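Let me begin by presenting the structure, written as structure tokens, before commenting on it.
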There are 2 protein chains.
Amino acid sequence: MKLSLFSDYSLRVLMYAALKDGLFQLDDAAAAYGVSRNHVAQVIHHLAKLGYLRTQRGRGGGVRLAVLPAEVRLGKLVRETEDQPVFVECFNPVTNTCPVIGACRLKSVLAGALNEFYASLDRYTLRDLITGPQQSRLGRTLLVSKSQNF
Amino acid sequence: MKLSLFSDYSLRVLMYAALKDGLFQLDDAAAAYGVSRNHVAQVIHHLAKLGYLRTQRGRGGGVRLAVLPAEVRLGKLVRETEDQPVFVECFNPVTNTCPVIGACRLKSVLAGALNEFYASLDRYTLRDLITGPQQSRLGRTLLVSKSQNF
């Protein structure tokens, strides 16, 4: 079981956007984490479609957060960014091949556990990820040392 | 996020073993679920190493459950069968490349959610999966219709 790279990068890009608290460049976000520019571009495109980011083209353009960090519930976000919609085969009745699907408790037990996972994440917002005693160190690492704008 | 096929099959094979309540053949378990014999063989080998199953070679041999169904906590089992030990990159400090690992709350938030997932599964045992109002239907589907022994 592994969080998708897409969710991982989505969380990281939103943290960057929230710390930046203003326009930023795709290249700077990718450089800050030392990850692929193409992956970050895909993530930004998707997060903009979901309404978390706003992109502004042309000279003086860039990307910015489109919501307040305190409004971004992490469970809701990860549900939206996970690219594996089917946690286990029997979650999709169309493609399921297990013959006991109608008489088996496993599906509901796993669905309950997955709900607990997301409910736990929903107790936190993006704001929780960028505040606290380590905020200044986080900001220094992400916004200062790697960014080409500073 | 997806449960590994290995965990999925492990849960299913143990359900089969618990319903059978005695020796069974690898081929019958694979046929009951309509899944690959090779995958089931790997799962049985691993579950035997973990102490959940006992295999008996030779004539009259087969596989049987080595523990009581009520003793198999599903969270503990799935922790042991998941083949992706690293839920997200920063969970492994050796391979991690994210520069903010020391100042970031994301890792602990995700670890907490993952713990909730396993804690939820730990509220159930293998026994819970094979008892209840649908037990007879589950047993009929798995042990009678597809098995070559009946």
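The values are calculated or read from the model by the stated rules, or taken from the named source; none is laboratory data. Model, not experiment: these values are computed from the prediction. Ideal geometry is used to build each Cβ from the backbone, glycine not excepted, and the neighbour counts take in all protein chains shown. Protein only, heavy atoms only, side chains kept; ligands, DNA and RNA dropped before computing areas. Shrake-Rupley method; radii C 1.70, N 1.55, O 1.52, S 1.80 Å.
In nm, what is the difference between 0.36 nm times the number of residues separating A:Ser108 and A:Ser4 and their Cα-Cα distance?
35.2 nm
Label point 7 Å out from A:Lys49 along Cα-to-Cβ: which residues of the stretch A:12-43 have amide N under 12 Å?
Once the point is set 7 Å along Cα→Cβ of A:Lys49, A:42-43 turn out to lie under 12 Å by backbone N, inside the stretch A:12-43.
Would you mind checking which residues have amide H under 5 Å from B:Tyr124's amide H? H placed 1.01 Å from N; only 5 or more apart, or other chain.
B:Leu74, B:Gly75
Put a point 7 Å out from Cα along the line to Cβ at A:Lys76; what are the distances to that point in the other copies, in nm, shortest first?
3.9
Restricting to DSSP H runs of at least four residues, report the calculated mean residue ellipticity at 222 nm for the protein assembly as shown, -39500 (n - 2.57) per run over all residues, nearest 500 deg cm²/dmol.
So the helix-based figure for the protein assembly as shown works out to -14000 deg cm²/dmol.
For the stretch A:5-143, give the magnitude of the charge dipole about the Cα centre (Cβ charges: +1 Lys/Arg, -1 Asp/Glu; no others), in debye to the nearest 20.
380 debye
Hey, what angle do you get for helix B:5-20 against the long axis of chain B, alpha-carbon based, 0 to 90 degrees rounded to 10?
In chain B, helix B:5-20 runs at an angle near 30 degrees to the longest axis.
Keeping every protein chain in place, order B:Lys20, B:Lys76 by accessible area at 1.4 Å, biggest value first, i.e. largest first.
Result, largest first: B:Lys76, B:Lys20.
Of the heavy-atom accessible surface of the stretch B:5-143 (probe 1.4 angstrom), what whole percent is carbon and sulfur?
In the stretch B:5-143, the share of accessible area belonging to carbon and sulfur is 49 percent.
Solvent-accessible area per residue for the stretch A:5-143 at a 1.4 Å probe radius, Å²? Intermediate values should be presented prior to the final figure.
Values: 6540 Å² over 139 residues.
Computed with neighbouring chains in place, this is 47 Å² per residue.
Please go through the residue pairs A:Lys2/B:Lys107; A:Lys2/B:Lys49; A:Lys76/B:Lys76; A:Lys2/B:Lys2; B:Lys76/B:Lys107 and name each one whose alpha carbons sit more than 18 Å apart in this structure. Display every interim value, and only then the final one.
Working: A:Lys2/B:Lys107 13 Å; A:Lys2/B:Lys49 24 Å; A:Lys76/B:Lys76 27 Å; A:Lys2/B:Lys2 7 Å; B:Lys76/B:Lys107 21 Å.
Exceeds cut-off: A:Lys2/B:Lys49; A:Lys76/B:Lys76; B:Lys76/B:Lys107.
Going by Cα centres, the stretch B:90-135 and the stretch A:67-82 are how many Å apart?
19 Å
Please list, by residue number, everything in the stretch B:14-46 whose backbone N is under 17 Å from a paramagnetic label point 7 Å out along Cα→Cβ of B:Arg64.
B:14-26, B:29
Given the whole protein assembly as supplied and a 1.4 Å probe, what does the accessible area of B:Arg140 come to in Å², nearest 10?
130 Å²
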